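The values are calculated or read from the model by the stated rules, or taken from the named source; none is laboratory data. Source: prediction; values computed, not measured. Heads up, the Cβs are rebuilt from the backbone with ideal geometry, glycines too, and the neighbour counts pull from every protein chain shown.
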Amino acid sequence: MSGFPILSVMLAIPTIAAIVCVFLSANSARWLALAATLADLVLGVVLWANFEIGGPEWQFVERHDHLFGVFGYALGIDGFALMLIMLSVFLMPICIGASWRAIETRVPEYMAAFLITELLMIGTFAAQDLFLFYVFFEAGLIPMYLIIGIWGGANRIYASYKFFLYTLLGSVLMFIAMLWMAHYAGTTDIPTLMQTDFPVHAQTWLWLAFFASFAVKMPMWPVHTWLPDAHVQAPTAGSVILAGVLLKLGGYGFLRFSLPMFPQASAQLTWLIFGLSAVAVIYTSLVALVQQDMKKLIAYSSVAHMAIVTIGLFAFNRQGIEGSMLVMLSHGLVSGALFLCVGVIYDRLHTREISRYGGLSINMPRYAVLFMLFTMASIGLPGTSGFVGEFLSLNGTYQVSTWITLLCTTGIILGAAYMLYLYRRIAFGEITRDDVRAMPDLSVRELWLLAPIAAVVLWMGVYPESFLAPMRNDVGALVARVSQAAPVGDSQPTMPATHGEAR
Amino acid sequence: MSYAASLLLALPEEILSVSATLLMLVAAWGGQRATRAVTWVSIAVLLGAGIALLGPAGSGGEAFYGLYHADAFASFAKVLIYIAAAVALTMAPGFFERTSGDDLRPEYPVLILLSAAGMGMMVSAGDLLTLYVGLELQNLAAYVLASFMRRDTRSAEAGLKYFVLSSLASGILLYGISLVYGFSGTTDFAGVAQAYAANGHAIGLMFGLVFVFAGLAFKISAVPFHMWTPDVYEGAPTPVTAFFASAPKVAALALAVRVAISAMGPATDDWRQIVICASLLSIIIGAVAAIGQSNIKRLLAYSSINNVGFALIGLAAGTPQGVASVLMYLAIYIAMTLGSFLVVLRMRDHEGKPVETIASLAGLSKTRPGLALAFMLFMFSLAGIPPLFGFYAKFAVFSAAVNAGLFPLAVFGIAASVISSFYYIRIVKGMYFDDPAPAYGPADSVVEGGLLTIAAVAISPLGYLAIPALGAWTMAAAKALF
């Protein structure tokens with residue numbers, strides 16, 4: 001495989017397809033988009049198959065330094081990036097499939113917007129140049145703004161503005177920090193910057209600037225308010241890609257920038273992350289409990305899950321970081337699938353109000369089974385992907401702070417409460433309305449959308465090693481890098497140094 | 001230096017002014033019939049002046065005993081000016097055909113040429129007096145151009161307003177020049193710089209500096225001297241507005257940079273405060289005031305004020321990198337602005353009458369998808385959202401500011417840029433999210449369509465490939481001042 005620019009090809013396919021799409025009819029645009037995303041999926045599988053586990057840290061490297069003058073075109077992936085790219089290319093064909101019938105107006109533009117989004121997501125994860133990363137990261141605003149604004153729900157204009165301005169304000173501060181870093185280190189190469197020791201007093205400011213961006217993307221409480229609006233108004237596939245991949249940019253950012261580049265500042269500000277995350281877990285779970293709108297409920301649950309990611313990342317140990325990555329992957333699959341489940345019944349009844357449904361297990365048994373599986377995965381039932389990640393993440397956090405772990409674990413209980421409550425109201429009980437009774441079960445197309453996700457969710461739950469193995473070395477490197485600043489945990493029995501025999 | 005050598009160095013301005021004079025005679029005898037011919041000849045003349053820059057005129061020499069600098073900095077600015085002037089000429093015939101009763105007259109291209117000659121003098125000025133003469137030549141042509149639609153009261157008002165306010169600013173500038181001359185004993189930039197180096201905090205020199213910058217701030221329409229811009233932009237005929245928003249902006253900003261660096265370089269710490277203040281105010285007022293606008297030309301006027309604020313960030317850095325970033329900003333800004341005005345030019349109802357309300361853009365993506373796509377690219381580019389090329393313009397100036405240690409400026413500036421992105425995305429919202437308004441009339445001009453496409457491609461991500469070449473060129477131009 002050496003020499004073949006597979007990452008560039010993965011970027012080129014959606015780009016070309018997007019340009020061609022605009023000139024096609026609705027139906028050809030659908031097929032072209034599906035073909036292009038499937039081609040990228042195949043390339044993604046090839047990428048994974050050729051990824052040398054335990055090999056060099058950065059693989060499939062392509063470098064054209066200074067192609068753009070002050071910054072270059074440099075691509076390359078490690079285990080983290082590989083997993084997130086896989087998540088993107090896996091969800092993309094599903095998004096196209098989910099929009100097959102639901103989107104009827106301006107289909108070519110819609111497909112082009114999704115293909116551009118795919119290009120930008122892969123680019124963000126694969127970029128090895130600071131500013132190339134920023135370009136991809138920030139450019140994602142444009143297609144997402146259009147997707148929400150053109151094909152969204154009734155209140156789409158407000159949601160699109162909020163999404164755009166919120167995320168832009170977060171990112172521009174990060175941009176200034178990047179300029180400073182490039183000036184200080186004299187390079188824009190991310191692997192080099194990850195080994196650069198920035199002065200400790202500057203680290204705090206840089207960390208806060210990056211935090212402003214990633215916290216909004218993540219999203220963390222209290223800057224999460226754009227997410228429910230954006231989710232509720234976006235079309236189904238838009239929600240899938242938003243929850244599935246775009247939210248992962250925040251976590252990836254912490255992993256790639258905040259922790260390895262500013263370890264001291266990360267350690268100093270861990271209290272901030274832990275505090276906000278603990279509030280997020282409990283508060284947003286309670287908010288989710290009282291939602292009447294299905295999409296809003298899942299959106300709030302996303303915020304809670306992302307808080308589990310952040311505490312795991314800032315545990316500074318292997319379990320925490322591996323767990324966070326798995327929560328991100330699992331949440332990408334599960335919340336994407338849940339949004340698809342909402343989309344399935346929304347397409348039939350055109351409402352997301354929970355109280356309008358009920359008793360769907362009677363007339364939609366196949367739907368009810370799959371929905372049940374994803375509900376359980378979201379709760380974190382052992383055997384599903386959700387369990388592995390949350391357990392590892394909380395396990396890692398426990399070594400650092402028992403109190404925060406205690407608080408955040410309540411989130412799992414609350415999560416069970418709101419998800420089971422949602423499931424009961426939708427799938428169980430008697431059918432009281434005629435229009436609900438008339439709803440047909442999953443079509444073949446819908447089954448094909450949900451079944452692959454279900455398979456991967458179970459795979460990840462039963463044998464997570466497949467997903468952990470590519471990341472193992474990178475986690476090791478990251479832990480070694482941050483160990484210089486890692487805080488002391490409170491879970492070990494404290495032994496006063498002078499009275500060694502005190503116990 | 002012999003007189004002949006000097007004349008050779010100033011060749012572009014000579015080409016422009018001699019041709020303008022000859023074409024004026026053609027216009028006088030040929031009358032209305034000569035319009036098209038004069039227009040095309042004028043474009044050729046601009047091209048010729050551009051070619052002349054390849055010769056001794058771009059060599060870096062000084063002509064007329066230091067009054068005139070034919071350096072790389074001037075050449076770069078002139079290239080931009082000539083491009084903008086040529087585009088403004090191309091736009092004109094199609095526009096004036098559709099106005100009620102105001103025909104394009106052959107004086108229009110002549111005035112543009114004279115204005116371009118004046119701007120060439122401005123950016124090449126090596127002396128406070130050359131500066132002033134160039135500025136006035138450009139301004140006098142501009143007043144007439146603003147009121148070119150004689151039967152349109154708004155156009156006449158624009159011209160008058162521009163004339164009165166601009167004269168006031170020229171007065172302020174002249175007063176500053178007189179103070180500088182009085183306290184330094186010379187009007188030569190190098191001599192002035194020596195005076196500032198020797199006795200920088202003399203009260204007269206400080207006052208002179210403040211007045212000169214106030215006068216220049218008016219010409220580049222930086223806040224708080226921006227009041228005239230929206231009114232003049234709204235009233236002037238659209239091709240003239242496109243011209244005002246591009247060429248004179250480049251000339252005046254380049255002039256401000258040259259004065260700041262060459263003449264007042266030793267007093268950098270003093271003028272930097274003024275520039276920072278004007279820059280932040282321009283960014284914020286340019287962003288906030290634009291939100292309430294309903295006329296597209298007024299909106300673009302505030303957008304130009306906003307953009308000048310960003311360009312001034314590069315000047316505030318006061319380093320070669322900063323100056324290069326200003327030039328880079330101007331080059332990209334020209335493409336975005338001219339492109340936007342080419343779109344505005346196509347906003348016509350079915351009878352061909354110009355429409356200028358933002359509301360009329362509603363649903364443009366359904367009625368005219370290509371035009372909407374182009375305008376969307378310009379808007380996102382002006383907002384500085386990657387991957388469009390407008391992002392790199394901001395990248396360059398902010399990079400220069402951060403490298404010069406001006407963090408607070410960079411942080412405030414970039415945070416305020418979020419405000420301005422609001423009104424740009426509001427236009428996109430109108431075109432893409434709203435239900436269609438009555439469709440515009442068909443566009444027939446192939447030339448304008450071609451120019452629009454070129455501008456759109458220039459600000460597309462493909463533009464990034466031009467960065468190494470453009471970066472080297474702007475850096476060479478900036479080094480000429482240090």
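Restricting attention to region A:97-139, the residues that are in contact with a strand residue (DSSP E or B) (Cβ under 9 Å, 6 or more places away or on another chain) and either in contact (Cβ under 8 Å) with a residue 40 or more places away in the chain or buried (at least 24 other Cβ atoms within 10 Å of the Cβ) (or both) total 13. Residues of region B:416-442 that are over 24 Å from B:ASN306 (Cα atoms) and at the interface with chain A (Cβ under 8 Å from one of its Cβ atoms): B:TYR432, B:PHE433.
Checking each residue in region B:456-472 for being part of a helix (DSSP H, G or I) and either buried (at least 20 other Cβ atoms within 10 Å of the Cβ) or among the small types (Gly, Ala, Ser) (or both) picks out B:ALA456, B:ALA458, B:ILE459, B:GLY463, B:TYR464, B:ALA466, B:ILE467, B:ALA469, B:LEU470, B:GLY471, B:ALA472.
To keep it simple, each residue is scored yes or no on (1) under 18 Å from B:GLY286 (Cβ atoms); (2) within 10 Å of chain A (Cβ to nearest Cβ); (3) assigned to a helix (DSSP H, G or I).
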position: B:LYS366; (1), (2), (3): no, yes, yes
position: B:PHE375; (1), (2), (3): no, no, yes
position: B:VAL397; (1), (2), (3): yes, no, yes
position: B:ILE414; (1), (2), (3): yes, yes, yes
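Restricting B:ALA52, B:ALA70, B:ALA20 to residues that are within 27 Å of the chain's Cα centre (by Cα), under 20 Å from B:LEU104 (Cβ atoms), buried (at least 18 other Cβ atoms within 10 Å of the Cβ) and of a type in the set (A, V, I, L, M) narrows the list to B:ALA20.
Checked against (1) surrounded by fewer than 19 Cβ atoms within 10 Å (Cβ to Cβ); (2) in a loop (DSSP other than H, G, I, E, B), B:THR99 passes all but a single condition, namely (1). Within region B:443-461, restricting attention to residues that are of a type in the set (A, V, I, L, M) and either free of Cβ contacts under 8 Å to residues at least 40 places away in the same chain or at the interface with chain A (Cβ under 9 Å from one of its Cβ atoms) (or both), the residue that is farthest from B:GLY352 (Cα to Cα) is B:VAL457. Restricted to region B:399-411, and to residues there that are out of contact with any helix residue (DSSP H, G or I) (no Cβ under 6 Å at 6 or more places or on another chain) and facing chain A (nearest Cβ under 10 Å), the residue that is nearest to B:THR367 (Cα to Cα) is B:PHE407.
Inside region A:146-188, can you point out the residues that are within 10 Å of chain B (Cβ to nearest Cβ) and part of a loop (DSSP other than H, G, I, E, B)? Passing the criteria: only A:GLY152.
So how many residues does region A:131-142 have that are modelled with pLDDT of 90 or more and more than 9 Å from chain B (Cβ to nearest Cβ)? Total satisfying the criteria: 2.
Checking B:PRO266 against (1) closer than 28 Å to B:PHE95 by Cα; (2) touching a helix residue (DSSP H, G or I) at 6+ places or on another chain (Cβ under 7 Å): exactly one of these is not met. Which one? Failing condition for B:PRO266: (1). One residue stands out in region B:377-391 among those that are within 8 Å of chain A (Cβ to nearest Cβ) and under 15 Å from B:ASN307 (Cβ atoms): the one that is farthest from the chain's Cα centre (by Cα), namely B:ILE385.
If the condition is being of a type in the set (Ser, Thr, Tyr) and in a helix (DSSP H, G or I), then region A:385-438 contributes A:SER385, A:SER393, A:THR397, A:TYR398, A:THR402, A:THR405, A:THR409, A:THR410, A:TYR418, A:TYR421, A:TYR423. Taking every residue in region A:347-361 that is among the aliphatic types (A, V, I, L, M) and pairing it with any residue that is assigned to a helix (DSSP H, G or I), at least 6 positions away or on another chain, the pairs with Cβ-Cβ distances below 6 Å are A:ILE354/A:MET294; A:ILE354/A:ARG425; A:LEU360/A:ALA368; A:LEU360/A:ILE426; A:LEU360/A:ALA427.
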